[in-house]
1. Within the stretch 66-78, count every residue that is more than 19 Å from ARG19 (Cα to Cα) and open to solvent by less than 80 Å² (accessible area, probe 1.4 Å).
2. Give the residues of the stretch 46-59 that are farther than 15 Å from GLU72 by Cβ and touching a strand residue (DSSP E or B) at 6+ places or on another chain (Cβ under 9 Å), sorted by residue number.
3. Residues in the stretch 70-112 that are under 17 Å from ASN15 (Cβ atoms) and either of a type outside the set (D, E, K, R) or modelled with pLDDT of 95 or more (or both): how many?
4. Here's a check for you: in the stretch 1-13, which residue that is among the β-branched types (Val, Ile, Thr) and farther than 20 Å from THR74 by Cα is most open to solvent (accessible area, probe 1.4 Å)?
5. Report, by residue number, each residue of the stretch 14-65 that is under 14 Å from PHE106 (Cβ atoms), hydroxyl-bearing (Ser, Thr, Tyr) and open to solvent by 60 Å² or more (accessible area, probe 1.4 Å).
6. What single numbered condition from (1) in a helix (DSSP H, G or I); (2) touching a residue at least 60 places away in the same chain (Cβ under 8 Å); (3) of a type in the set (D, E, K, R) fails to hold for GLU131?
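The values are calculated or read from the model by the stated rules, or taken from the named source; none is laboratory data. Keep in mind that this is a model prediction, so the values were computed, not measured. Positions of Cβ are backbone-derived with ideal geometry, glycine not excepted, and every protein chain shown enters the neighbour counts. The area values use the complete protein model at the heavy-atom level, side chains included, leaving out ligands, DNA and RNA. Shrake-Rupley method; radii C 1.70, N 1.55, O 1.52, S 1.80 Å.
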Amino acid sequence: QTLIDSIPNPIYYKNEFGRFTGFNKAFLSAYGKGKEEIMGKTIFDIESPSTAAIFHEQDELLLSSLQSNTFELTLKLADKKEHAIIVSTNIFYDYDGHLEGLIGVFTDVTNLRELQSELKSINHNLEKQVENEVAKFQDQQKLLIQKSKLESLGQLSAGIAHEINQPLGSIS
C-alpha cells in the first residue's frame, strides 16, 4: 500500500464484482472522499449515473476480453473542475492464478487537451494568414504582369512612333 500511495496518479482496484477493494491517497484526494466512503462501494455509489455507466461498460469489456483497456472521459473531481482523464485498466490475479479483480490508473490530460486546442487555434490562424499572404502575393504578381505588359506596350508604341517619325522627318 505504501508503494501504491507513493504514486502521484490516482489508482484504484476492484474485485471482479466491481466493488472497490483498495486505492491510493491520490485517488481519495481526487474524489475528495475518505477511505470509508469508497471501500466496498461500486462506481455507481461515487459517480454520476452516466459516468458510472461508462466505467461499468469498460470494466465489463475488460473482464470479458481479459486484455488491458484504455479509455478517455471527462470527470468532475473534488476541485469542482472538469478534467480530461485517460483511464488505463487491467486485470490482476491472486497467487493461485485466479482472477482477483481489476486495477485502474487515472492520467489527467486536461492541460494537454487545452494545449492541443490552443495549438489547433494557432494553426488555424496561421493557415488564414498564409492564405492572405498568398492572395496578396498573387495580386502583386498580377500587378507586376500588368505593369510588364504596359511597359512592353509603351516600348512597342515608342518603337512604332520612332519608325513613323523617321520617314516623316526625312520628308519634312
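1. Going through the stretch 66-78 one residue at a time, the tally reaches 6.
2. Result: ILE46, GLU47, SER48, ASP59.
3. Of the residues in that region, 13 qualify.
4. Filtering the stretch 1-13 for residues that are among the β-branched types (Val, Ile, Thr) and farther than 20 Å from THR74 by Cα, the one most open to solvent (accessible area, probe 1.4 Å) comes out as THR2.
5. Of everything in the stretch 14-65, just one residue is under 14 Å from PHE106 (Cβ atoms), hydroxyl-bearing (Ser, Thr, Tyr) and open to solvent by 60 Å² or more (accessible area, probe 1.4 Å), namely SER29.
6. Exception for GLU131: condition (2).
For every residue, the table says whether it meets (1) at positive phi; (2) of a type in the set (Val, Ile, Thr); (3) surrounded by 10 or more Cβ atoms within 10 Å (Cβ to Cβ).
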residue: ALA84; (1), (2), (3): no, no, yes
residue: THR89; (1), (2), (3): no, yes, yes
residue: ASP96; (1), (2), (3): no, no, no
residue: PHE106; (1), (2), (3): no, no, yes
residue: SER121; (1), (2), (3): no, no, yes
residue: LEU126; (1), (2), (3): no, no, yes
residue: GLN138; (1), (2), (3): no, no, yes
residue: ILE145; (1), (2), (3): no, yes, yes
residue: SER152; (1), (2), (3): no, no, yes
